[in-house]
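A short worksheet on the structure shown next.
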Amino acid sequence: MSINIALAQINTRLGDLSSNLDRHLTIANEACQNGADLLVFPELSLTGYSLQDLVPQVAIRPSKEDPVFKHLLQASLEIDMVVGFVEEDARHRFYIAAGYLSKGEITHIHRKVHLPTYGIFDEKRFLAAGDTFRAFDTRFGRVGLLICEDFWHISSPYLLWQDGADIFLLHSASPGRGITDKHIGSADWVETINRAYAGLFTAFFAHSNRVGFEDGLYFWGGATLFDPDGKLMAMGPYDLEAITYAEMDLNQLRRTRTRLPLLRDERPELVLHELGRILKHD
Amino acid sequence: MIDLPINSELVRNILVRFIDSEITRAGYSRAIINLSGGIDSAVACVLAAEALGPENVLAIRIPYKTSAPDSLEHAQLLIDQLNIQSLTIPITEMVDSLIECFPDMSKTRKGNIMARARMIIAYDQSEAFHGLVIGTGNKTEILLGYTTLFGDSACAINPIGDLYKTQVRQLAVDLKIPQVIIDKPPSADLWLGQTDEAELGFTYEKVDQLLYLLIDHRYQPAECIQAGFEEKFVQSVIDRIQRFQFKRSLPPIAKISSRTIGSDFLFFRDSGT
């Protein structure tokens with residue numbers, strides 16, 4: 001089975017839900033026309049990243065009636081998609097969230113677990129942290145969602161892997177920094193680790209990162225898809241808005257895992273046992 | 001570890017798009033730059049001309065009677081090379097009318113008045129030309145506080161404020177800035193014979209290497225000394241950075257209400273765009 005994935009590295013208008021929604025619908029239509037089955041937007045694609053006190057103004061209680069989600073769900077009849085937004089819970093806590101929408105339904109919502117609050121980041125000041133990593137079934141197979149900083153903690157994809165994820169969808173609003181005489185330092189790191197995860201988990205690892213500026217922050221784009229062998233299947237341009245298309249041949253999972261049975265030989269019960277011992281010592 | 005060279009092409013591309021993004025999102029399409037004849041404003045001008053088109057960039061030359069004559073010539077070289085718009089507005093009369101009120105005025109006071117007079121001219125042109133003022137302060141001078149508050153530091157956006165002076169030089173070479181501008185000693189040109197490096201007491205090349213370790217790589221002072229810098233030099237630079245923190249901050253507002261601008265009323269400037 002093959003699926004066509006589209007990674008949309010878009011710019012966003014900061015705090016402007018309606019304009020960003022229009023952009024999503026336009027791109028969903030375009031990706032659909034181009035034969036994509038699954039479209040991944042970047043982190044906070046409906047709101048922009050540096051929200052600060054805009055958080056409560058743009059927060060959404062996702063449902064079929066919600067004025068933003070109803071359009072996205074309608075579009076999801078044609079194409080599965082991952083969108084980024086601020087989710088408000090019933091008790092008015094605000095989360096950075098990634099929603100997987102398919103066939104008019106919200107299949108899954110992941111709330112960002114790891115909120116960076118250091119250096120240029122200040123997420124915990126304005127947002128609540130999620131507390132689960134759950135893989136979920138889609139019409140293409142079992143998927144795991146990761147939002148930006150989640151990915152820097154190796155336990156995040158590990159848990160999703162153990163929960164059955166064969167397709168990892170990471171989306172980010174990653175600011176470029178650390179430019180030397182070669183390249184954007186932050187981009188180098190992200191690409192290296194994306195590739196490493198694809199290889200270590202013998203799974204598909206897709207990354208959709210936004211572009212554009214917010215005040216002085218610059219987002220670098222550069223979407224990637226690595227296959228279970230760690231091979232780069234597609235890469236978006238740096239800096240520019242683009243939709244990057246790639247075909248994922250899901251049979252590659254079987255071929256790679258037959259050759260390299262890392263999943264078969266993994267020892268999660270050992271990890272659990274040892275972590276239990278280690279944490280008890282604390 | 002001291003890895004100051006930058007990928008000029010990548011940086012140029014980011015800064016050009018930064019200028020375009022920030023100016024257009026603020027609702028403008030034009031920019032004003034105080035073109036001093038030095039390297040920093042030359043680099044900012046090239047980037048702005050590329051971002052907005054030469055016809056949308058206004059370079060202003062703002063000489064005082066003691067300004068070096070070649071400052072005007074060097075600025076003109078770049079204006080001709082880029083084919084940008086330009087104006088020359090001498091400030092001798094407006095500055096002298098204030099200086100003459102205080103016969104024993106220090107050099108520093110006079111220099112500050114000139115820098116702030118240039119700010120007034122630039123911001124007046126901002127309204128007249130319907131553009132935003134582009135800052136030309138580099139990371140070295142911002143960190144060392146080697147600027148006049150509300151003078152040369154005043155701007156709407158600053159494309160080169162995260163580049164050390166030596167990195168600006170590298171970019172200038174790659175942007176094909178006229179060699180004479182790159183080669184001359186950096187100077188605020190506030191009085192005859194003034195040079196930055198004589199006034200600061202060290203070279204940009206040396207201090208940039210130290211700043212790169214201290215700031216970018218978070219070295220402890222002792223680690224900088226171990227890396228080969230003299231203790232006195234390290235301490236004097238650290239003192240300068242701390243002493244001039246006020247030049248890098250907005251003025252503190254005394255908190256009275258339940259929500260205060262700057263402390264718990266927080267929005268990016270680009271909000272809504």
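The values are calculated or read from the model by the stated rules, or taken from the named source; none is laboratory data. These numbers were taken from a predicted model, which means no experiment stands behind them. Cβ: placed from backbone, ideal geometry, glycine included. Neighbour counts: every protein chain shown. Surface accessibility is based on the protein's heavy atoms, side chains included, excluding ligands, DNA and RNA. Shrake-Rupley method; radii C 1.70, N 1.55, O 1.52, S 1.80 Å.
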Let me know the longest stretch in chain A that avoids all trypsin sites (Lys or Arg not before Pro) found in a DSSP loop with at most 16 other C-beta atoms within 10 Å. A:1-63
What share of Cα pairs, in percent, lie more than 32 angstrom apart in chain A? 20
Please name whichever of A:G199, A:L101, A:G236 sits farthest to the positive end of the charge dipole of chain A, dipole taken about the Cα centre and charges placed at Cβ: Lys and Arg +1, Asp and Glu -1. A:G199
Surface/4 of the Cα convex hull for the protein assembly as shown, nm²: 30.7
Placing unit charges on C-beta atoms (Lys and Arg positive, Asp and Glu negative, everything else neutral), compute the dipole magnitude of the protein assembly as shown about its Cα centre in debye, rounded to 20. 900
Just from its helices, what would the mean residue ellipticity at 222 nm be for chain A, if runs of 4 or more DSSP H residues each count -39500 (n - 2.57) and the sum is divided by every residue, rounded to the nearest 500 deg cm²/dmol? -8500 deg cm²/dmol
Relative contact order of chain B, please, whole-number percent, based on alpha carbon pairs below 8 angstrom and at least 6 residues apart. 20
Here the stretch A:69-83 yields Karplus 3J(HN,Hα) values (6.51, -1.76, 1.60; θ = phi - 60°; whole Hz; Gly and Pro given as x) of 5, 4, 6, 5, 5, 4, 5, 6, 5, 9, 8, 5, 8, 10, 10
Percent antiparallel among DSSP beta bridges (both partners in the stretch A:137-273, rounded to 5): 60
Ignoring everything but the protein chains, give the 1.4 Å probe accessible area of A:H183 in square angstrom, nearest 10. 40
Computed over the stretch A:75-146: relative contact order in percent, which uses C-alpha pairs under 8 Å that are six or more apart: 24
Against the 2.2 N^0.38 Å rule of thumb, the C-alpha Rg of the stretch A:114-183 sits at a ratio of 1.31
If you average the sequence gap of Cα pairs under 8 Å that are 6 or more apart and divide by the length of chain A, what percent do you get for the contact order? 18
Considering all projection directions equally, how large on average is the shadow of the alpha-carbon convex hull of the stretch B:8-192, in square nanometres? 9.7
Accessible area expressed per residue, the stretch B:8-192, with surrounding protein chains retained (probe 1.4 Å, Å²): 41
Rg from C-alpha atoms of the stretch A:157-282, normalised by the globular rule of thumb 2.2 N^0.38 Å, equals 1.25
Can you give the extra length, in nm with one decimal, that the chain gains between B:A227 and B:E55 once fully stretched, where that is 0.36 nm per residue apart less the Cα-Cα distance? 57.1 nm
Taking 30 Å as the cut-off for C-alpha to C-alpha distance, list the pairs among B:K107/B:K232; A:K182/B:K176; B:K107/B:K176; B:K139/B:K184; B:K165/B:K255 that go past it. B:K107/B:K176; B:K165/B:K255
D (Stokes-Einstein, µm²/s), Kirkwood Cα radius, the stretch B:1-64, 1.002 mPa s at 20 °C: 168
Kindly point out which whole DSSP H helices in chain B project their C-alpha atoms 24 angstrom or further along the helix axis while averaging a Kyte-Doolittle hydropathy of 0.0 or above. B:8-25
Residues of type lysines that A:K112 reaches as a straight line, Cα spacing below 28 Å, ignoring anything fewer than 8 places off in the same chain: A:K64, A:K70, A:K103, A:K124, A:K231, A:K280
Collect residues whose amide H, placed 1.01 Å from N in the peptide plane, falls under 5 Å from the amide H of B:Y146; neighbours closer than 5 in sequence don't count. none
Protein-protein interface of the stretch A:183-223, residues with accessible area decrease of at least 30 Å², isolated chain reference, 1.4 Å probe: A:F213, A:D215, A:Y218
Could you report the stretch A:72-147's accessible area per residue, 1.4 Å probe, as an integer in Å²? 41
Cα convex hull volume per residue for the stretch B:102-221 (Å³): 143
Tell me which GluC sites (Glu not before Pro) from the stretch B:11-113 have a DSSP coil assignment and no more than 10 other beta carbons within 10 Å of their own. B:E100
The stretch A:95-184: chymotrypsin sites (Phe, Trp or Tyr not before Pro) falling in loop per DSSP and having at most 11 other Cβ within 10 Å: A:Y118
Ranked by GNM mean-square fluctuation in chain B (Cα springs under 10 Å), the top entry among B:S249, B:S263, B:S36 is B:S263
Summing both sides, how much accessible area is buried between B and A? Use a 1.4 Å probe and give Å² to the nearest 100. 2100
Roughly how many debye, to the nearest 20, is the charge dipole of the stretch B:8-192 about its Cα centre, given +1 on each Lys and Arg Cβ, -1 on each Asp and Glu Cβ, and no other charges? 300
Taking the DSSP beta bridges in the protein assembly as shown as the whole, what percent of them are antiparallel, to the nearest 5? 55
Calculate, for A:K70 and A:V271, the FRET efficiency according to 1/(1 + (r/R0)^6) with r their C-beta to C-beta distance and R0 51 Å; round to the nearest 0.05. 0.75
The stretch A:1-142: antiparallel bridges as % of DSSP beta bridges, rounded to 5, reads 65
By the scheme Lys and Arg +1, Asp and Glu -1, what is the net charge of all other residues having a beta-carbon under 14 Å from that of A:T244? -4
On the accessible surface of the stretch A:2-281, probed at 1.4 Å, how many percent belong to carbon and sulfur atoms? 52
Which of the GluC sites (Glu not before Pro) across the stretch A:218-282 are loop residues per DSSP, with 16 or fewer other Cβ within 10 Å? A:E241, A:E266
